[in-house]
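The values are calculated or read from the model by the stated rules, or taken from the named source; none is laboratory data. Here the structure is a predicted model, which means the values were calculated and not measured. Cβ: placed from backbone, ideal geometry, glycine included. Neighbour counts: every protein chain shown. Please note that ligands, DNA and RNA were not included when accessible areas were found on the heavy atoms of the full protein model with its side chains. Shrake-Rupley method; radii C 1.70, N 1.55, O 1.52, S 1.80 Å.
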Amino acid sequence: MREISDSCIDHIYVNLINKYAAVTHFPAFCSDHHLVSITRKEYKMKKECQTIHYRAYSKGNLSKLNSLILTYDFSYLSSNNTTVNAARFTNHVLNILDTEIPLKSRKVKHVNSPWFSSKIARLCTIRNKLKQIASSEKSKYTWLKYKNARNNVGYEIRAAKKMYFNTKFAKVCESQSLRATVNELTNFRTKSTFHACSLVDPSTNMVTYDTNQISQIFANSFTVNSVTRPSDFAVISRINEYCKLPHSASDEFTTVTEDDITDGISHLKNKGGPGRSFIPIKALKILQRNISKHIATQFSTIFTLCSVPLSFKTSIVFPLYKGKGPHTDANSFRPIVLLSPMVKLFDRVLFTKLLPLVEDRFIDEQHGYRRHRSCNTALTVPSQGIFNFFDSRSMRVGAVFVDLRKAFNSVDHNLLLNKLICQFQLNSHIIRFFRNYVNNRLFNISGDSSYTQATLYNECRGVPQGSPMGIYCSRYLSTTSRMQ
């Protein structure tokens, strides 16, 4: 048995040494058997490499790219089929980009902190090598060298962090940027990147791991089912009759100029984007001088025909963990809507077209999405009213704070259109456009990099999130009673 024990130990040392930290054997009491003691290494989960796709705009021939846009024929953008026009325009622009600035991909492990420098990276490499040498040689001298290298890395990290945040706090001039810097320093309210691998099905109370069922559960949680009431039939008939009224399209609403497109592109942020199958924001900003007139033609056709392309009404929803609640509950996640750059640009232009028509009909207590109004004014005005009540005699003050659950997703389309007719008195052409804009909106659920469901779910209620058309929701809720 001694030979068998030795052969077993040899097998472990030769073939499985990477899985164990220590392997020893000793003879058992009153027996010729040997006991083998194995200590497993601590399991460390490997970070998966993430594949990112990018275009090297700095290495591309931008002058040739602009010349290709000028010579390409985009006359089809004025035709009646807006859905096909939007798809053809996206494909043509992406094909032009691929000829001069092809799409590349690379794998990255993680994103370093902004204070992490190349000097710290070299010190970390030296520290890791010294740790390997000290672990193999097990001498006091090598362990001392490793500890000195470890202390140097810690010192450099603390110095780099201190310099980075001192410089950043010195440049802070607004309360919002100050709050963001403090949150970055304390790691407060950082967005969790937890991906739901399993969810509890509310119908069966069973945990499911199937991605199709997980997407269906998320879709049911993020949408609010529409229940038709008897009073809704009168509202629906009023909207249908109003849309049949003859009203020609006004140039004020339907005409989109190149300046409108240029202004909209300038408001787009460089970050973000739902994927590779859409025109990047960086490309729109590079080509805006030559592509603005074609986009203006496309948007003018959409406003004139009251037909929004299906791709403009389709979004990608990413479930983001709220930071509280069980991970297997769909209610512990909030929907993050990812819109394509063209949709963001279209909503920005629509926002600028609609705001002059409805701004003078807002109630005075409305502070959201209005010029020269902000959160500060929304807090100052009611606070001053409460102070005035305190100063007067025999007055009592009460406050009611309402937090609407799923506010954006709960907006009824028919009631919203009825409000646009009755309260804001928009003409029938604009109402026909918005009826097409809010109806038949679709979305699909995107999980982590391993799956993105192709199943499209219908939004029975709700207004688009993540765009300037959030004013839509504020108009719906603008009948708040005034403080008496």
Taking 0.36 nm per intervening residue step and subtracting the Cα-Cα distance, what contour gain separates LYS147 from THR314 on full extension?
54.5 nm
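Using r as the Cβ-Cβ distance of SER113 and TYR57, and R0 as 22 Å, what FRET efficiency do you calculate, to the nearest 0.05?
E(calc), rounded to 0.05, equals 0.30.
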J(HN,Hα) series, segment 282-297, from Karplus relation 6.51 cos²θ - 1.76 cosθ + 1.60, nearest Hz, glycine and proline x
4, 5, 4, 6, 6, 9, 5, 5, 9, 9, 5, 5, 6, 5, 4, 5
A chain fully extended from ASN205 to LYS322 at 0.36 nm per residue, minus the present Cα-Cα distance, gains in nm 40.0 nm
Place a label point 7 angstrom from the Cα of LYS171 along the Cα-to-Cβ direction, then list the residues of segment 233-270 whose backbone nitrogen is under 18 Å away.
270
For LEU199, residues with placed amide H under 5 Å, excluding near neighbours
THR208
For segment 83-97, what does the Karplus curve 6.51 cos²θ - 1.76 cosθ + 1.60, with θ = phi - 60°, yield as ³J(HN,Hα) per residue in whole Hz, taken in order and with x for Gly and Pro?
5, 5, 4, 5, 5, 5, 5, 4, 5, 5, 5, 5, 5, 5, 5
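Could you calculate the FRET efficiency of ASP98 with VAL397 from 1/(1 + (r/R0)^6), where r is the beta carbon distance between them and R0 is 45 Å, rounded to 0.05?
0.10
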Using 0.36 nm times the number of residues separating GLU156 and SER237, minus their current alpha carbon distance, what extension gain do you get?
22.1 nm
Enumerate lysine pairs in segment 116-169 that are 8 or more residues apart or on different chains, then count those whose Cα atoms are under 28 Å apart.
25
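Suppose all protein chains stay in the model; what accessible area per residue would a 1.4 Å probe give for segment 261-343, in Å²? The partial results should precede the final answer.
Values: 3610 Å² over 83 residues.
Roughly 43 Å² per residue, with all protein chains present.
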Between the modelled labels at ASN91 and GLU365 (7 Å from Cα along Cα→Cβ) the distance in nm is 5.2 nm
